[in-house]
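All of the numbers you see were taken from the coordinates with simple rules; none came from a lab. Just so you know, these numbers come straight off a predicted model, no measurement behind them.
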Amino acid sequence: MIEEGKDQNKKSGKMKWVIMLLVLLLLAGGGYFAYTTYFQNSTETADPQDVQLEDIDPADSQVVTLPSFLVNLSDPLGRRYIKLTLDVEVASSDAAQVLETSSAKVRDAVILLLSSKSYADLASLESKILLKNELVTRLNQIIGSSKVVRVYFTELVIQ
């Protein structure tokens with residue numbers, strides 16, 4: 001009877017180690033999955049604007065300065081805002097002209113995008129790069145093609 005108790009203790013001790021090993025493997029697998037899904041992909045797509053540079057002739061590109069934007073952020077208390085001034089690099093003088101003549105659409109798109117962001121959405125460097133990419137996408141939708149090459153922040157204040 002004493003030997004049966006020792007066997008059960010040995011079995012339960014081994015079982016604890018097996019369970020701990022399985023839990024550790026599951027955590028490691030979950031961590032790897034999260035890294036490859038969320039973190040690794042975000043660094044690969046952090047600056048897709050560089051891909052478009054191959055199609056652009058640098059001699060034709062122009063920079064258009066947009067007026068400053070002062071927008072309330074999506075904050076529950078409504079006390080945070082962003083002040084942003086942009087320079088937009090476009091592929092040609094035609095694209096610059098279209099961008100300038102569509103100023104109402106451009107301002108509307110930028111204001112809507114900025115007002116949908118919270119302070120937490122804009123606090124890190126990576127989130128600012130993602131904001132640049134979102135701005136490029138929105139501006140290209142307005143122009144109707146991939147003529148916006150890059151967006152430069154010339155003034156950025158978040159308060």
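One decimal place: the segment residue 129-residue 157 gains 8.6 nm when fully extended, by the rule 0.36 nm per residue minus the C-alpha distance. Amide H contacts for residue 117 (H built 1.01 Å from N in the peptide plane; partners 5 or more residues away or on another chain; cut-off under 5 Å): 74. Applied to the range 89-96, the Karplus parametrisation 6.51 cos²θ - 1.76 cosθ + 1.60 on θ = phi - 60° returns per-residue 3J(HN,Hα) values of 8, 10, 6, 8, 5, 5, 5, 5 Hz, with x for Gly and Pro.
For residue 83, a cut-off of 17 angstrom between C-alpha atoms picks up these lysines, skipping any fewer than 8 places away in its own chain: 117, 128, 132. Counting only residues at least eight positions apart within a chain, or on another chain, the lysines with an alpha carbon under 24 Å from that of residue 14 are 6.
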